[in-house]
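Single-structure report; data block below.
The values are calculated or read from the model by the stated rules, or taken from the named source; none is laboratory data. Nothing here was measured: the structure is a model prediction, and the numbers come from that model. Cβ coordinates were reconstructed from backbone atoms using ideal geometry, including for glycine residues, and neighbour counts include every protein chain displayed. Please note that ligands, DNA and RNA were not included when accessible areas were found on the heavy atoms of the full protein model with its side chains. Shrake-Rupley method; radii C 1.70, N 1.55, O 1.52, S 1.80 Å.
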Amino acid sequence: MALKGLDIFKLTPRTNCKECGNPTCMAFSMKVAQGTAQIEDCPHMSADALDMIAGATAPPMKSLAFGTGDAELKLGGETVLFRHEKTFVSRNPFGVNVNAANVDAVLAEAAKIDYERIGERMRVDVVNVEYTGDKDGFLGAVKKAVDFGRAIILEVSDAAVAKEALEIAGAAKPILNGANASNYKEMSEVATAAGVALGVGGASLDEIYTTVKALEEAGVKDMAIDVGSASAKDAFANTVQIRRAAIKDGDRSFGYPTIVNVGKIGGGCSYKETGLASLFTLKYGSVVLMSSISYAQALPLYGLRQNIYTDPQKPMTVEAGNYPLNVATAASPCALTVDFALTYFIIAGEIERSGVPVNLLIPDAGGYSVLTAWAAGKLSAGSIAKFIKEQDIEGKISSRDLMIPGKVAVLKGELEDSLPGWNIIVAPNEAVSLVKFLKERYA
């Protein structure tokens, strides 16, 4: 856990501070504890003291990066068990399992998942290459995974084969996942020589813990823990216990990102895999691997992940502008709602369901819901008129029908004064009524 101000005060070297002359500057220590100053800013800190304090103040879940360039991913760095306590830091990437037999088909399907949602790119981020005994086929699959251009996990427990695989994929900085109680020395040597992170697994949580401790004593710092795939129950119990031990109990030997392979647990059933992937997105898979990912799986999973890994103090918003729906043209009517992402997707979904072409106008409303934005002064006749002028809506759209949310019908008169020539229409209070409303008026 992070040190408190007094703890940092006690660890700070007893050297006179040039600013205040005291043996230790308490004010500076408190700033460091609050995150408003960096301990490195103190000119009196020795390298040893900096290392000691950096280790003590680091997040209980170690941060780990793998992959390179656009494919680089960051795992871990978590400080809380529950999102509402603060925020989760590193979103879990979703990956697919490939081997010598299915690599072409799985990667072809994975390439289809690539879209944007609320400013965030959604795609298959990880390729997990499994060694099934065919060395040449495995090395060929590794080469194809490298060419695919995403982060890579090499799932292989044979140190000699792992070394050959890293000669192909080492520059991509994969995770070498295959260390266990019987081979961790050989596997750690291979991973260290290649400069990559090591994945550690075992038959039980106690065995994993013992192996991790031995690796730590040997100087291995970058690790991930494979929670196992014997059953969903065991994998879930291991994942939760690892996170709780690190954050609640302060046991840093379990403070490493976790790899959860629901593709193996799910037995090839896409429905089961999707349900398990959502479970481990919530609790607490750092990397979630599946047999394959289709759009039907990606849309709910990626949406859930985006909700979970968004700072609860900073609501998701869509960019202000005009969103033509159902192939809307300049002659299509306009509807207006706020930029709160949840509201946008609900309204846009109902408009699309109606089949009526509509230009959906989204002003900057501070990320609030309709009534909250209105109460806070973020959604007013003045702000709407300003938005329409700044976006040149009148120059781009010939229609002068503007539908506003029924819950802010009070704005109708003010908008008619602020937007002369516009026909202000009060839409229903509830989104579910939009389909009937639009069809009756415009279909």
Of all residues in segment 368-387, count the ones that are in a loop (DSSP other than H, G, I, E, B) and more than 31 Å from the chain's Cα centre (by Cα). 2
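Table: residues versus (1) surrounded by 20 or more Cβ atoms within 10 Å (Cβ to Cβ); (2) touching a residue at least 40 places away in the same chain (Cβ under 8 Å).
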| residue | (1), (2) |
| --- | --- |
| SER369 | no, no |
| GLY382 | no, no |
| SER399 | no, yes |
| PRO405 | yes, yes |
| ASN423 | no, no |
Using the structure shown, decide if ALA277 is open to solvent by 10 Å² or more (accessible area, probe 1.4 Å), assigned by TED's automatic domain parsing to the domain that holds SER90 and modelled with pLDDT of 95 or more. no
Mind listing whichever residues of segment 316-347 are in contact with a Ser or Thr (Cβ under 8 Å, 6 or more places away or on another chain), more than 17 Å from PRO405 (Cα to Cα), free of Cβ contacts under 8 Å to residues at least 40 places away in the same chain and part of a loop (DSSP other than H, G, I, E, B)? ASN326
Set LEU415, LEU434: member being more than 32 Å from the chain's Cα centre (by Cα), assigned to a helix (DSSP H, G or I), more than 30 Å from PRO312 (Cα to Cα) and not assigned by TED's automatic domain parsing to the domain that holds GLU120: LEU415
Conditions (1) closer than 20 Å to ASN238 by Cβ; (2) in a helix (DSSP H, G or I); (3) in contact (Cβ under 8 Å) with a residue 40 or more places away in the chain: number failed by LEU107: (1)
So VAL127 passes all but one of these: (1) of a type in the set (A, V, I, L, M); (2) surrounded by fewer than 24 Cβ atoms within 10 Å (Cβ to Cβ); (3) outside any helix (DSSP H, G or I); (4) without any contact (Cβ under 8 Å) to a residue 60 or more places away in the chain. Which condition number does it fail? (2)
Of all residues in segment 350-366, which are buried (at least 19 other Cβ atoms within 10 Å of the Cβ) and part of a loop (DSSP other than H, G, I, E, B)? VAL356, PRO363, ALA365
Would you kindly identify the helices (runs of 4 or more DSSP H) lying entirely within segment 190-267 that contain at least 1 residues that are touching a residue at least 40 places away in the same chain (Cβ under 8 Å) and closer than 26 Å to LYS163 by Cα? 205-217, 262-265
For segment 146-189, which positions are within 16 Å of GLY69 (Cβ to Cβ) and in contact (Cβ under 8 Å) with a residue 24 or more places away in the chain? VAL146, PHE148, GLY149, ARG150, ALA151, ILE152, ALA169, GLY170, ALA171, ALA172, LYS173, PRO174
